[in-house]
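**Q** Structure incoming, see below.
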Amino acid sequence: MKSNKAPSILSADLTIVGSISSEGEVQLDGNVEGDVRAGSLTIGEEASVKGEVIAESIVVRGRIEGSLRARQVQLASTARIEGDIVHSTLAVESGAFFDGHCRRSSDPISDKPATGSGGSASGASADKPKVASVPPAAPPSSSSAASTGARPAAAANADPFASSKA
């Protein structure tokens with residue numbers, strides 16, 4: 001179906017104010033202020049989208065300010081997401097920035113985001129998994145600092161995910 005169609009490439013010097021819709025492959029290197037819908041979408045390192053992004057598969061190397069819904073989501077190390085993600089599969093490289101909620105769905109494309117309920121919808125089972133637990137990349141060494149994920153030079157009880165400063 002999309003095998004004989006060329007991808008649409010939106011270059012870095014392009015700024016679009018409005019929505020983009022394509023059933024095929026789109027490579028976005030410019031800026032979009034509006035919603036983006038595509039079959040397959042790649043957001044380049046210097047690209048940015050301010051709006052909702054919907055795709056079958058998406059690779060994010062740039063910035064998205066808004067919700068993202070896709071069956072397959074890959075956040076590269078240069079990705080910066082400020083919004084919620086609804087996905088079937090999610091891959092996140094080390095260094096990627098994500099500020100929002102993440103929820104798995106068997107059909108993220110047609111699944112409508114849970115908005116307008118006012119506050120947290122903690123009673124809904126689909127919204128419960130807000131934080132993912134990531135196991136350490138390597139077995140801890142002899143120090144307790146390594147078991148917390150902190151660098152060896154840091155204090156033994158340091159929490160790399162704590163938001164407060166001393």
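**Q** Just the ratio, please: alpha-carbon radius of gyration of the range 1-87 over 2.2 N^0.38 Å, N its number of residues.
**A** 0.96
**Q** Amide H to amide H, which residues 5 or more places from D84 or on other chains are under 5 Å from it, using H placed in the peptide plane?
**A** For D84, whose amide H was placed from the backbone, the distant partners under 5 Å are S67, L68, H101.
**Q** Further question on the same structure: What does the range 33-77 give for Rg and for Dmax, in Å, if only its C-alpha atoms count?
**A** So, for the range 33-77, Rg and Dmax equal 9.1, 24 Å respectively.
**Q** Modelled label-to-label distance, I109 and A91, 7 Å Cα→beta-carbon offset: nm?
**A** 2.0
**Q** Out of the GluC sites (Glu not before Pro) in the range 23-111, which ones are loop residues according to DSSP with at most 16 other C-beta atoms within 10 Å?
**A** Here the GluC sites (Glu not before Pro) that fit, given the DSSP loop and packing criteria, are E23, E45, E46, E93.
**Q** Amide H neighbours of E25 under 5 Å, at least 5 residues apart or on other chains, H built in the peptide plane: list them.
**A** For E25, whose amide H was placed from the backbone, the distant partners under 5 Å are S8, S40.
Just so you know, all these numbers are worked out from the coordinates, no wet-lab data involved. None of the values given here were measured: they were computed from a predicted structure. Quick reminder, even Gly has a Cβ in these numbers, built from the backbone with ideal geometry, and neighbours come from all protein chains shown.
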